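K.L.:
Let me begin by handing over the structure; questions about it come next.
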Amino acid sequence: MSKQFDVVVIGGGPGGYIAAIRAAQLGFNTACIDEWKNEKGGPAPGGTCTNVGCIPSKALLQSSEHFEQAGHHFADHGIGLKDLSIDVAKMLGRKDTVVKQNNDGILYLFKKNKVTFFHGRGSFVKAADGGYELKVAGAAEETITAKHVVVATGSNPRALPGAAFDEENILSNDGALRIPAVPKKLGVIGAGVIGLEMGSVWRRLGAEVTVLEALPVFLGAVDETIAKEAQKALKKQGLNIEVGVKISEVKSDKKGVTVAYANAKGEAQTLAVDKLIVSIGRVPNTIGLNAESVGLKLDERGAIAVDDDCKTNLPNVWAIGDVVRGPMLAHKAEEEGVAVAERIAGQHGHVNFNTVPWVIYTSPEIAWVGQTEQQLKAEGRAYKAGSFPFMANGRARALGDTTGLVKVIADAKTDEILGVHMVGPYVSELIAEAVVAMEFKASAEDIARICHAHPSLSEATKEAALAVDKRTLNF
């Protein structure tokens, strides 16, 4: 007889493992199925984020930032170094250790919360009495049943037509995280989060990096003021960014990769590089799910179709994270995971897409939440905006990093905060204040009147809020 569960989550990424843990905490007999493997073939839960995304990329960003600081900025502090070098193998080894620590942490949380873990690929078999029969294809195939199924199978990198990933020369995010030596020349197609972060890592370590972006503007989804400041800073560092390009052909051989493209003026160009990172987005992952066996509906993008509550067209089947609509962000998946578990329990799970923060972990970091000026202008909504540069912030001066600014946008009549946009040091941490403020419908004046520690980078947020009403204390 197959094992029976109240809730089974297919996929152990940020959305999946969080959904499983929360369901177990709410009293459900819960299981999670995940097929990620480590180099020894053992379980590696955490999905793309933990294994080949958010976590390893931040490890490499930190290592490469240390190298850049040592080579270019330590002297400003009176610190002298001789014969500075980088051991790429050791750097990658540290990254792998960080990943494993996170994998093991998730397995510990499953055990602590009494979540049954199955290592293998989960798929639908058929609808069964009061639920669904699922297959786990692992070391030993087995069948389990569930009253509720939460699909959290994530996404896969989108390949450029005619340039399949070989993870040797043409790299996805996976291959970009394990280049064994610093390439002399590196090409990046796509100036999004992955492209800019991975391009930054290898540029800091000595690669000549060229980023090719099809859109006519840099970071078109970001507030224009922030995007321009970020582009200026990244170009100053040596990141060569071309926008408005059209790729015509990609050729790969033993010598490297050649990209033929037209620039923004329509002029034919050729880029020859040792390695090419392709980061042009991701596609929902339903491979092997056997959705058709139970009639699970997919939309035109290949994502699982869901309503506002993450319900699919099937009773008691839910879907969350990258495999459904909405931003493909780990923390958005986590929020949906908690919400779905609570909805299964009859509670009222809460996810507000307008207060989901976005972060690009370059240097300077880029972070935002809510609407941009461009969006508000397009809506015809009356607003007011204030900004404050880190150049005038005492903590930023002490850090030796005064690049960037904070911008606050509020409703012209009510003063409710509509968006907060940042580029500068540690703004990935500063953006949380703005998220809390917007969740509680705070006004710009509310932030302006809250006491912020001095000296701190967060004072730039307070100053920007003051500037909304043309005031300043100029810390």
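K.L.:
Quick one: with all protein chains in place, what share of the accessible area of region 364-469 is carbon or sulfur, to the nearest percent (1.4 Å probe)? Walk me through the intermediate numbers first.
P.N.:
Numbers: 2310 of 4340 Å².
Of all accessible area on region 364-469, carbon and sulfur atoms account for 53 percent.
K.L.:
Moving to a separate point now. Mind checking region 131-204 for trypsin sites (Lys or Arg not before Pro) that DSSP puts in a loop (not H, G, I, E or B) and that have at most 16 other Cβ atoms within 10 Å?
P.N.:
Values: sites: LYS135, LYS147, ARG158, ARG178, LYS184, LYS185, ARG203, ARG204; in loops: ARG158, ARG178, LYS184.
Hits after loop and neighbour filter: ARG158, ARG178, LYS184.
K.L.:
A further question on this structure: Please list 3J(HN,Hα) in residue order for region 187-196, calculated via the Karplus relation 6.51 cos²θ - 1.76 cosθ + 1.60 where θ = phi - 60°; whole Hz, with x for glycine and proline.
P.N.:
Per residue, the Karplus-derived 3J(HN,Hα) values read x, 10, 9, x, 9, x, 4, 5, x, 6 Hz.
K.L.:
Identify all lysines with a Cα-Cα distance to LYS297 below 25 Å; exclude those on the same chain that are fewer than 8 residues away in sequence.
P.N.:
Partners found: LYS126, LYS135, LYS147, LYS311, LYS332.
K.L.:
Calculate the translational D of region 346-475 in whole µm² s⁻¹ from Stokes-Einstein, where the hydrodynamic radius comes from the Kirkwood formula applied to all Cα pairs, the temperature is 4 °C and the viscosity 1.567 mPa s.
P.N.:
Diffusion coefficient, whole number: 88 µm²/s.
K.L.:
Here's a follow-up. Out of the GluC sites (Glu not before Pro) in region 136-184, which ones are loop residues according to DSSP with at most 15 other C-beta atoms within 10 Å?
P.N.:
GLU141, GLU167, GLU168
K.L.:
Ordered by residue, what ³J(HN,Hα) values in Hz, to whole numbers, does region 381-397 give under the Karplus form 6.51 cos²θ - 1.76 cosθ + 1.60, where θ = phi - 60° and Gly and Pro are x?
P.N.:
Whole-Hz 3J(HN,Hα) from phi for region 381-397: 8, 6, 8, 9, 9, x, 9, 8, x, 5, 4, 9, 9, x, 5, 5, 4.
K.L.:
Here is a further query. Where only protein heavy atoms count, and the probe is 1.4 Å, what is the accessible area per residue for region 335-475 in Å²?
P.N.:
44
K.L.:
Looking only at Cβ-Cβ distances, which cysteines of the chain have no other cysteine closer than 4.7 Å?
P.N.:
Isolated Cys, the chain: CYS32, CYS310, CYS451.
K.L.:
Run the quick spin-label model on LYS246 and THR258: label points 7 Å from Cα toward the beta carbon, then report their separation in nm to one decimal.
P.N.:
2.1
K.L.:
Ok, one more. Please give the net charge around ASP274, taking every other residue with its beta carbon less than 10 angstrom from that of ASP274, where Lys and Arg add +1 and Asp and Glu add -1.
P.N.:
+3
K.L.:
Set the bar at 18 Å for Cα to Cα. Now go through LYS185/LYS232; LYS251/LYS275; LYS377/LYS462; LYS100/LYS184; LYS40/LYS95 and name every pair that lies beyond it.
P.N.:
LYS185/LYS232; LYS377/LYS462; LYS100/LYS184
K.L.:
Hey, can you rank 37-43, 334-340, 221-227 by average C-beta count inside 10 Å, highest first?
P.N.:
Order by mean packing, descending: 334-340, 221-227, 37-43.
K.L.:
Right, something else. What aspartates and glutamates sit close enough to LYS228 to cross-link, taking a C-alpha to C-alpha distance under 16 Å and skipping anything fewer than 8 places away on the same chain?
P.N.:
GLU213, GLU242, GLU365, GLU373
K.L.:
Compare the peptides 50-58, 248-256, 325-333 by average per-residue count of other Cβ atoms within 10 angstrom and give them in order, highest first.
P.N.:
50-58, 325-333, 248-256
K.L.:
Between beta-carbons, use under 13 Å as the cut-off and find the net charge around PHE440, counting Lys and Arg +1, Asp and Glu -1.
P.N.:
Computed value for this residue: -3.
K.L.:
Calculate the length of the line joining the C-alpha centroid of region 373-408 to that of region 223-245, in whole Å.
P.N.:
For region 373-408 versus region 223-245, the Cα centre distance is 16 Å.
K.L.:
Report, for the chain, the % of DSSP beta bridges that are antiparallel, rounded to 5.
P.N.:
65
K.L.:
Quick one: with all protein chains in place, what share of the accessible area of region 158-280 is carbon or sulfur, to the nearest percent (1.4 Å probe)?
P.N.:
Values: 2920 of 5650 Å².
The value for region 158-280 is 52 percent carbon and sulfur by accessible area.
K.L.:
Same structure, new question: Express the Stokes-Einstein translational diffusion coefficient of the chain in µm² s⁻¹, to the nearest whole number, given a Kirkwood radius over alpha-carbon pairs, 25 °C and a viscosity of 0.890 mPa s.
P.N.:
Rounded to a whole number, D works out at 102 µm²/s.
K.L.:
Calculate one ³J(HN,Hα) per residue across region 286-293 by plugging θ = phi - 60° into the Karplus curve 6.51 cos²θ - 1.76 cosθ + 1.60, and present them in order as whole Hz with x for glycine and proline.
P.N.:
10, 4, x, 6, 6, 4, 5, 5
K.L.:
May I pose another question? Compute log10 of I(q)/I(0) for region 158-280 with the Debye formula, placing one identical point scatterer on every Cα and leaving out solvent, at q = 0.12, 0.19 Å⁻¹, to two decimals.
P.N.:
Computed log10 I(q)/I(0) values: -0.39, -1.01.
K.L.:
So, one more: Along the Cα→Cβ direction, 7 angstrom out, place labels at ASP411 and SER85. What is the inter-label distance in nm?
P.N.:
Reported label-point gap for ASP411 and SER85 is 6.2 nm.
K.L.:
So how tilted is helix 224-237 from the main axis of the chain? Cα-based, degrees 0 to 90, rounded to 10.
P.N.:
Between the helix axis and the principal axis of the chain, the angle is about 70 degrees.
K.L.:
Would you mind checking the tilt of helix 54-72 against the longest principal axis of the Cα atoms of the chain, expressed as 0 to 90 degrees and rounded to 10?
P.N.:
20
K.L.:
Extending each Cα 7 Å along its Cβ direction at GLN101 and GLU439, get the distance between those two points in nm, one decimal.
P.N.:
2.6
K.L.:
As a check on your grasp of the helix formula, calculate [θ] at 222 nm for the chain: sum -39500 (n - 2.57) over DSSP H runs of n ≥ 4, divide by the residue count, round to the nearest 500.
P.N.:
After summing the helix terms and dividing by residue count, I get -9500 deg cm²/dmol.
K.L.:
Taking H placed 1.01 Å from N in the peptide plane, check which residues at least 5 places from ILE189 or on another chain put their amide H under 5 Å from its amide H.
P.N.:
LEU212, ILE277, VAL278, SER279
K.L.:
Moving to a separate point now. Which net charge results when you count Lys and Arg as +1 and Asp and Glu as -1 among the other residues whose beta-carbon is under 13 Å from that of GLU168?
P.N.:
-1
The values are calculated or read from the model by the stated rules, or taken from the named source; none is laboratory data. Please read these numbers as outputs of a predicted model, since none were measured by experiment. Cβ sites come from the backbone with ideal geometry, for glycine too, and all protein chains shown count toward neighbours. Side chains are part of the model used for accessible areas, which takes the heavy atoms of the whole protein and leaves out ligands, DNA and RNA. Shrake-Rupley method; radii C 1.70, N 1.55, O 1.52, S 1.80 Å.
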